[in-house]
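For reference, the structure is listed below as structure tokens.
Coordinate-derived values only; no laboratory data. Predicted, not measured: the structure shown is a model, and the values here were computed from it. As a convention, Cβ positions derive from the backbone with ideal geometry for all residues, glycine included, and neighbour counts pool all protein chains shown.
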Amino acid sequence: MNCSICLENIGRRFNREWIFKDINYTFTSNKIYAVLGPNGSGKSTLFQVLNSSLVPSKGSIQYIFEEKPVEPEHVYKYLSLAAPYLELIEDFTLIEVIDFHFKFKNYATGMDRAGIIDLLGMEGSKNKLIKYFSSGMKQRLKLALALCSNTHLLMLDEPTSNLDIQGVEWYLNLIQTFAKNKLTIICSNQEHEYNFCDEAISISDYKQYQNFKA
């Protein structure tokens, strides 16, 4: 899956304070990138700029999918993502959540509803309402939906939040299996979430203007 995201002098501010500024960087397919920084540094803000849910305050961002430019408002068609703050529909069962998600995305090759339930190890919970799931079960489900979607771009924010040791191992196995041939971006401050990444960008490198008012 051929795609790229090119950032030119990207910056984002809140009120008059810059969260980050002057990021020049190109993300390309078939690589896994880490966006690093401590809590509150602006990682998730950059994450949202990259997935086009936030507009940069300055600079430009160009998306290329299969050698064609794509406008930011259409990036969602090529994207799957998981983040702790993204909500699942609490009054759906596991089966209903999976079926609803894949009305909008295609399954990864060789996957289907049964395959995802098996991957989750949740055969006994397939008719259980999501509101009765533990936080760890919800996080596993978010990751499975994102990773098992046939999309060009995969974005994960703090992917092992609420996961125990076994959950972390499960996540690492999924990444090795399903992140191939995609452009994958992982926002994190936990080394075990990103130590396999090909490249890393630190948000701290773009904080030199954090007190600059303009």
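Computed quantities for the displayed model
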read-out: Residues of region 57-66 classified as surrounded by fewer than 20 Cβ atoms within 10 Å (Cβ to Cβ) and farther than 19 Å from TYR206 by Cβ, total; value: 2
read-out: Residue ID - farthest from TYR78 (Cα to Cα), chosen from residues in region 93-124 that are surrounded by 18 or more Cβ atoms within 10 Å (Cβ to Cβ) and β-branched (Val, Ile, Thr); value: ILE117
read-out: Only one of ASN24, ASN30 that is over 30 Å from THR109 (Cβ atoms) and surrounded by fewer than 16 Cβ atoms within 10 Å (Cβ to Cβ); value: ASN24
read-out: Contacts under 6 angstrom Cβ, first residue in region 182-193 being within 24 Å of SER29 (Cβ to Cβ), partner among the basic types (Lys, Arg) and buried (at least 16 other Cβ atoms within 10 Å of the Cβ), 6 or more apart; value: CYS187/LYS43
read-out: Breaking point among (1) touching a strand residue (DSSP E or B) at 6+ places or on another chain (Cβ under 9 Å); (2) under 21 Å from ILE64 (Cβ atoms); (3) surrounded by fewer than 22 Cβ atoms within 10 Å (Cβ to Cβ), for ALA200; value: (2)
read-out: Members of region 56-69 found to be hydrophobic (A, V, I, L, M, F, W, C) and either closer than 14 Å to LEU7 by Cα or in contact with a Pro (Cβ under 9 Å, 6 or more places away or on another chain) (or both), listed by number; value: ILE61, ILE64
read-out: Cβ-Cβ under 6 Å pairs, at least 6 apart or on other chains, region 68-92 side on the phi > 0 side of the Ramachandran plot and in contact (Cβ under 8 Å) with a residue 12 or more places away in the chain, far side in a helix (DSSP H, G or I) and among the polar types (S, T, N, Q); value: none
read-out: Close pairs from region 1-27: first touching a residue at least 40 places away in the same chain (Cβ under 8 Å), partner of a type in the set (Lys, Arg) and surrounded by fewer than 17 Cβ atoms within 10 Å (Cβ to Cβ), Cβ under 6 Å, at least 6 apart; value: GLY11/LYS58; ARG16/LYS213
read-out: Residues of region 168-196 that turn out to be surrounded by fewer than 18 Cβ atoms within 10 Å (Cβ to Cβ) and on the phi < 0 side of the Ramachandran plot, as a count; value: 13
read-out: Selected residue [aliphatic (A, V, I, L, M), touching a strand residue (DSSP E or B) at 6+ places or on another chain (Cβ under 8 Å), surrounded by fewer than 20 Cβ atoms within 10 Å (Cβ to Cβ) and outside any strand (DSSP E or B)] from LEU54, LEU46; value: LEU54
read-out: Residue check, GLU87 over 24 Å from GLU193 (Cα atoms) and surrounded by fewer than 20 Cβ atoms within 10 Å (Cβ to Cβ); value: no
read-out: Selection status of THR93, under 18 Å from the mean Cα position of the chain (by Cα) and among the hydroxyl-bearing types (Ser, Thr, Tyr); value: no
read-out: Top-ranked residue in region 125-135 [being more than 11 Å from PHE92 (Cβ to Cβ) and loosely packed, with under 15 Cβ neighbours inside 10 Å; ranked as nearest to the chain's Cα centre (by Cα)]; value: SER135
read-out: Residue list for region 176-204, filter: among the charged types (D, E, K, R) and closer than 21 Å to MET1 by Cα; value: LYS180, LYS182, ASP198, GLU199
